[in-house]
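The values are calculated or read from the model by the stated rules, or taken from the named source; none is laboratory data. Values in this document were obtained by computation on a predicted structure and should not be read as measured data. Please note: Cβ atoms are built from the backbone with ideal geometry, for glycine as well, and neighbour counts cover all protein chains shown. Areas reflect the complete protein model, heavy atoms only, side chains present, ligands, DNA and RNA absent. Shrake-Rupley method; radii C 1.70, N 1.55, O 1.52, S 1.80 Å.
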Amino acid sequence: MTTSPVLLAVALSLVSALCYATAAVVQERTAAGTSDLRGALVRSSWWWAVLLNAAGALLHVVALRYGPLSLVQPLGVLTLVVAVPLGSLVARRRTSGTQWRGMALTLAGLTALLTVTASGGTPNTLGSTGVLVVALAAALLIAALVRVASGPSSLAGLAFAAASGIASAVGSTLSQKLAVEPTLSWSTAVVAVLTVAFAAGGLLLAQKAYGSGLGGPLALLTLVNPVAASAVGVTLLGEGFQYGGTGALLALAGAVAAGRGVVLLSRPQPQPQPLPEPRHDRPVHLDVHVPHLRPTPILTGTSRAA
C-alpha cells in the first residue's frame, strides 16, 4: 500500500508544527525570565528550544520534498493552534472560549486552503536568479523591520515577529531547493549558507519578539510566514489553486477565516488573580496564660505568745 505524497507532506507538517509550538512556549518562558537576548543564550531551556526548532525545520524540509510550498507552508499556522493551549497548560490557566473559537476558525480556514492547494506532482523550486532576488528582497525587509523594532515603539515585538516570519519563510523556500534538487555545486553551497543564515536569523528574531509575550508575536509570525512563502510560490514558482475561480474564492474565504482565528488567538488573556490573604476576625494570642501566684507564708520554729 503506497502513501500519497500529499498526505505524507501533511503528516510531516503536523509533527513539525508540534515541534515548533513546543519550542515557542519554551522560548516565551525563557524570555519572561531574562532581560535580554544574551541572558537567554546562557540558559539551557533556550538550547532545548533550539533543538526543537531544528527538529521542526528538518521535518519541514522533508515535507517540502513531497508537497508544494503553497501547501506545506500554511500548515505552519497549526503551530499557533497547538502553542496557545500548551502555553495555557504550562502557565496553569484555562483556555478561554475565545481561544477555542479561534482554533476552530483557524482549522476551518486551513481545511479550505488545503482543499484547493493539495495537488500532487513534483514541487517547483527557485532558479539561481530567483534565489538571489528573494534573498536580497527579504534581507531589505528584515533590516527595515529591525530598525523599526529598535526605535522607541510599542510595536517592537510585532516588528521582530514580522521579521522572523519573513526570515523563516525564505529559509523554508531555499531549503525546498536543497530537498528537491540535492546536487554538489557552488550554487548549492550558496543556497545552503543562505538557508542556514535565514533560519538562524528567524530563530533569534523570534526570541526577541517573545519578549513582548506569546500570543500577538506568535500570531503575526505564523501569518507572515505562510503569506510570504505563498507569495513566492505564486509569483516565482507558478503555483496556483485548483478549481479555477471557485478555488480562488474558497482559498480567499479560508484565508479570511484563518486570519480571524489567529486574531482571536492573539488576544491577551487575563492573568490569574492571586488568592487573598487569610483574614482573622479575632486576634489570635500565642502567649500562654499563667495564673497569678499568691505568696505562701513560711512557718518558722517560734510560736506566738498567747
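Remarks
- Meets criteria (at pLDDT 80 or above, more than 15 Å from residue 203 (Cα to Cα) and open to solvent by less than 10 Å² (accessible area, probe 1.4 Å)) for residue 83: yes
- Residue check, residue 168 closer than 29 Å to residue 4 by Cα, at pLDDT 85 or above and surrounded by 23 or more Cβ atoms within 10 Å (Cβ to Cβ): yes
- Qualifying residue in region 106-117 (condition: part of a helix (DSSP H, G or I), at negative phi and touching a Lys or Arg at 6+ places or on another chain (Cβ under 9 Å)): yes
- Subset of region 1-26 that is of a type in the set (S, T, N, Q) and at pLDDT 85 or above - its residue that is nearest to residue 50 (Cα to Cα): 22
- The set of residues in region 35-46 being within 25 Å of residue 18 (Cβ to Cβ) and either small (Gly, Ala, Ser) or at pLDDT 85 or above (or both) consists of 40, 44, 45.
- Exactly one residue out of 49, 57, 40 is crowded, with 24+ Cβ neighbours inside 10 Å, more than 18 Å from residue 220 (Cα to Cα) and aliphatic (A, V, I, L, M), and it is 49.
- For residue 32: the one exception among (1) at pLDDT below 80; (2) of a type in the set (A, V, I, L, M); (3) open to solvent by less than 40 Å² (accessible area, probe 1.4 Å): (3)
Yes or no, residue by residue, for (1) under 26 Å from residue 248 (Cβ atoms); (2) in contact (Cβ under 8 Å) with a residue 12 or more places away in the chain:
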| position | (1), (2) |
| --- | --- |
| 12 | no, yes |
| 28 | no, yes |
| 31 | no, yes |
| 39 | no, no |
| 42 | no, no |
| 45 | no, yes |
| 52 | no, yes |
| 67 | yes, yes |
| 78 | yes, yes |
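- Taking the numbered list (1) open to solvent by less than 20 Å² (accessible area, probe 1.4 Å); (2) closer than 20 Å to residue 32 by Cβ; (3) more than 11 Å from the chain's Cα centre (by Cα); (4) not aromatic (Phe, Trp, Tyr) in turn, residue 218 passes all entries but (3).
- Residue in region 245-258 that is modelled with the highest pLDDT, counting only those that are under 14 Å from residue 106 (Cα atoms) and open to solvent by less than 20 Å² (accessible area, probe 1.4 Å): 254
- The residue that is farthest from the chain's Cα centre (by Cα), among those in region 221-244 that are among the small types (Gly, Ala, Ser) and modelled with pLDDT under 70, is 238.
- Residue identified as among the small types (Gly, Ala, Ser) and free of Cβ contacts under 8 Å to residues at least 24 places away in the same chain among 230, 150: 150
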